[in-house]
Amino acid sequence: YNYTSMHKSRKKPVFILLAFFVSGIIWFIFSFGVSILRMFALGLDEDSTYIEWFIKSESNSDQPTLKIPSERYRALHYFFVASSFWGFIFFDLLYIAVVINYSSQCQLIIFYIENIKDKVQNKAYKSLNEACKEIYHVYEFLKVLNGKLAFVTTLIVFIFVGNVITSYRNLAKTDRDHTENIVLGFFNIAQWLIATAFPVLLATRLTGVGKGLCKLGLEISSRPFVYTETPDLELQMFLNFTDATRYNAKLAFVPMYPSLVLGFAFLVLLLITLGTIPHVDSVSWF
């Protein structure tokens, strides 16, 4: 990637990508802290939580009869708790790796498009044919971005959206006297809402920048003082080339237009408020 913009700092791409990386670390620490808080809020100790596999079915007292010795059950209990912690770490790292990777790719393409626009507007190319070649590279980059990476990111975003909905519904049903559960509910919503918004906003911004690239040919054609010596045939070719392709980032095979994203978010919020979305167990509560 050759960032040769005439009016922008070359350190900006490095700084923003580093900020993405640091944001991912902060989100992971926050998510892991929420997982620990969830353990304390649910009271997952061997005296108050029992695994049905190891309880006799005829036992109905507050202290149920175990099928195995209590020492062995206690060891299994803490083994499952430790395994859940490792599960939190594994899935959070998986989630944030995919999200940061996708968001970084979107941001790199945004830099590339802005670089092309800046060079065209300042006539840094020897001919518009060179600009057409770099614009075609944008099409190739988006084709790769909207492939397997977008598919995996879409699956994870669906998980995030499901967790946001479930966390909101759990918070709505929480007794106001349970302060820990209320705080946990807000943290859960913030955790998954941030993770959902990050890739969606980057894809939306990339689509907006790509839309500006489609208008670049028309903008150049309407500025005769910059390209006074450029043949009309070359200008017309550049206009047709930029207008022929739509440079959109896609999730779930759907272009991420700002109006579409806002409309979907409003629809989900409306359905949650009306209570028409069926309740499902969130994977964040495993």
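So which residues in segment 239-256 are at pLDDT below 85 and either open to solvent by less than 70 Å² (accessible area, probe 1.4 Å) or part of a helix (DSSP H, G or I) (or both)?
Across segment 239-256, the qualifying residues are LEU239, ASN240, PHE241, THR242, ASP243, ALA244, THR245.
Of all residues in segment 109-154, which are open to solvent by less than 50 Å² (accessible area, probe 1.4 Å), under 30 Å from ALA195 (Cβ atoms) and without any contact (Cβ under 8 Å) to a residue 12 or more places away in the chain?
GLY147
Looking at LEU184, LEU213, which one is under 30 Å from PHE238 (Cβ atoms) and either of a type in the set (S, T, N, Q) or in a helix (DSSP H, G or I) (or both)?
LEU213
Rundown of residues vs (1) touching a helix residue (DSSP H, G or I) at 6+ places or on another chain (Cβ under 6 Å); (2) more than 25 Å from TYR227 (Cβ to Cβ), yes/no style:
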site: ILE100; (1), (2): yes, yes
site: PHE111; (1), (2): yes, no
site: LEU142; (1), (2): no, yes
site: ASN146; (1), (2): no, yes
site: LEU155; (1), (2): no, yes
site: VAL164; (1), (2): yes, yes
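Looking only at residues that are of a type in the set (Phe, Trp, Tyr) and more than 17 Å from ALA97 (Cα to Cα) in segment 155-191, which one is surrounded by the fewest Cβ atoms within 10 Å (Cβ to Cβ)?
PHE186
The values are calculated or read from the model by the stated rules, or taken from the named source; none is laboratory data. Please read all numbers here as calculations on a predicted model, not as lab measurements. So basically every Cβ, Gly included, is an ideal-geometry build from the backbone, and we count neighbours across all protein chains shown. Accessible surface is based on the protein model in full, side chains and every heavy atom, while ligands, DNA and RNA are left aside. Shrake-Rupley method; radii C 1.70, N 1.55, O 1.52, S 1.80 Å.
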